[in-house]
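Student: One structure coming up, written as structure tokens, with questions to follow.
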Amino acid sequence: SPMSSQIWLSAYWQAVLDQNAPEMRKYFHEHARISWHNSNECFTTAAFIRANCEYPGAWAGEIQRVAGTEEAPITVVHVYTQDRTCSFHVTSFFQISQGKIVTLDEYWGDDAPPPQWRKDLGLSTPIQTGQTG
């Protein structure tokens, strides 16, 4: 059901943000393929978990949007360091089979203020005040 899917995704993202390797491993098929398209990198399950868990810093975040289906959910997550020095939005396309991730395609974007040329033209307003990205 969509509700159990939301709970599953929420628990998955908590394990990612906590950099909890044993917990993360429970969500992946042993031969999953994970792709970070912005940096043109493909990972095995073990390498992806290591990359996530050895990434420096202590992390926090919130799921902002869930779409797709139970077998192919899509999440948009605001991920940031607990000290707020780094902030990203990641769009993740999952393929789930028998309760395990078999493919994960992620698009990571650095949060930043709009460039000066757009500010100068006054083309936009903030989506939310007090937040970049």
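Student: Give the number of residues within the range 82-117 that are more than 24 Å from residue 27 (Cβ to Cβ), surrounded by 11 or more Cβ atoms within 10 Å (Cβ to Cβ) and among the basic types (Lys, Arg).
Tutor: The qualifying residues number 0.
Student: Filter the range 32-43 down to the residues that are over 14 Å from the mean Cα position of the chain (by Cα) and either part of a loop (DSSP other than H, G, I, E, B) or not small (Gly, Ala, Ser) (or both), then identify the one that is nearest to residue 104 (Cα to Cα). Spell out the reasoning first.
Tutor: If we filter the range 32-43 for residues that are over 14 Å from the mean Cα position of the chain (by Cα), which is where we start, we get 32-33, 39-43.
Still in the list and also either part of a loop (DSSP other than H, G, I, E, B) or not small (Gly, Ala, Ser) (or both): 33, 40-43.
Working: 33: 7, 40: 13, 41: 12, 42: 10, 43: 10 Å.
The qualifying residue nearest to residue 104 (Cα to Cα) is 33.
Student: Does residue 92 satisfy being touching a Ser or Thr at 6+ places or on another chain (Cβ under 9 Å), farther than 23 Å from residue 6 by Cβ and touching a residue at least 12 places away in the same chain (Cβ under 8 Å)?
Tutor: Working: touching a Ser or Thr at 6+ places or on another chain (Cβ under 9 Å): yes; farther than 23 Å from residue 6 by Cβ: no; touching a residue at least 12 places away in the same chain (Cβ under 8 Å): yes.
It is false that residue 92 is touching a Ser or Thr at 6+ places or on another chain (Cβ under 9 Å), farther than 23 Å from residue 6 by Cβ and touching a residue at least 12 places away in the same chain (Cβ under 8 Å).
Student: Test each condition in (1) more than 21 Å from residue 110 (Cα to Cα); (2) more than 12 Å from the chain's Cα centre (by Cα); (3) without any contact (Cβ under 8 Å) to a residue 24 or more places away in the chain; (4) crowded, with 16+ Cβ neighbours inside 10 Å for residue 28 and report the one that comes out false.
Tutor: (3)
Student: Then there's this: Go through (1) open to solvent by 90 Å² or more (accessible area, probe 1.4 Å); (2) among the polar types (S, T, N, Q); (3) farther than 20 Å from residue 88 by Cβ one by one and return the number of the condition residue 5 breaks.
Tutor: Among (1) open to solvent by 90 Å² or more (accessible area, probe 1.4 Å); (2) among the polar types (S, T, N, Q); (3) farther than 20 Å from residue 88 by Cβ, the lone unmet condition for residue 5 is (1).
The values are calculated or read from the model by the stated rules, or taken from the named source; none is laboratory data. Model, not experiment: these values are computed from the prediction. Counting neighbours? That spans all protein chains shown, and the Cβs are built from the backbone with ideal geometry, glycine included. For the accessible areas, the whole protein counts, side chains as well, though only heavy atoms, and no ligand, DNA or RNA atoms are used. Shrake-Rupley method; radii C 1.70, N 1.55, O 1.52, S 1.80 Å.
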